[in-house]
Amino acid sequence: MIRLTLFLGGSIWAVMAFAPELDEPVFTEVTPETAPVVVAADQPVSAPAPEVTPVAMVTPVAVMTPVASPESTAEPAVAEAVAEVMAEVEAEATPEPAPEPERIIWYVTGSRVNVREGPSTNYTVLGKVLYGDAAEIISDPDADWVKIRIEGDGVEGYIAKRFMTDVDPLG
């Protein structure tokens, strides 16, 4: 294991020591002046295409440029229909957030109560809760044993309902 670690460290050092240093940046930034120009086939070209400067390394970048707006090339009725469809698509694309489910918070009334893996004393103890600790009920609150999630550390387990109350005993 030590030989493997030394070999790996030596290999990394050798690559770093003998690697050529880069004089030019590897990545280039796309600005409005260097962005590609897209012209539709049916539109006349009014200005000559900009000259392309060779770059040593270029990162491929996808640039989307609208060719023409529907209002400029179509009749007004078609433009209105397109606008309506676009509004519907945007409305469907932004769904309303789902409401948070109501959380049931109860408190421990026993001085030191076991939190178990299952709903009986035959299951192993996962931890203990103390008097006044808050816990979220995540199962049927009317059962003899309720599944809880302990506030703060998120541990889930079962506790006898007789050791729980919905009124904060500390306050």
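The values are calculated or read from the model by the stated rules, or taken from the named source; none is laboratory data. Note that this is a predicted model, so its numbers are computed, not measured. Here Cβ is always computed from backbone atoms with ideal geometry, including for glycine, and neighbour counts include all displayed protein chains.
Structure data summary
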quantity	calculated
Selection from segment 105-155 of residues that are more than 32 Å from the chain's Cα centre (by Cα), assigned to a loop (DSSP other than H, G, I, E, B) and closer than 21 Å to Asp166 by Cβ	Thr109, Gly110, Ser111, Pro119, Tyr131, Gly132, Pro141, Asp142, Ala143, Asp144
Which numbered condition Thr94 fails, given (1) within 33 Å of the chain's Cα centre (by Cα); (2) modelled with pLDDT of 85 or more; (3) polar (S, T, N, Q)	(2)
Meets criteria (among the β-branched types (Val, Ile, Thr), at pLDDT below 65, over 30 Å from Arg149 (Cβ atoms) and loosely packed, with under 10 Cβ neighbours inside 10 Å) for Val61	no
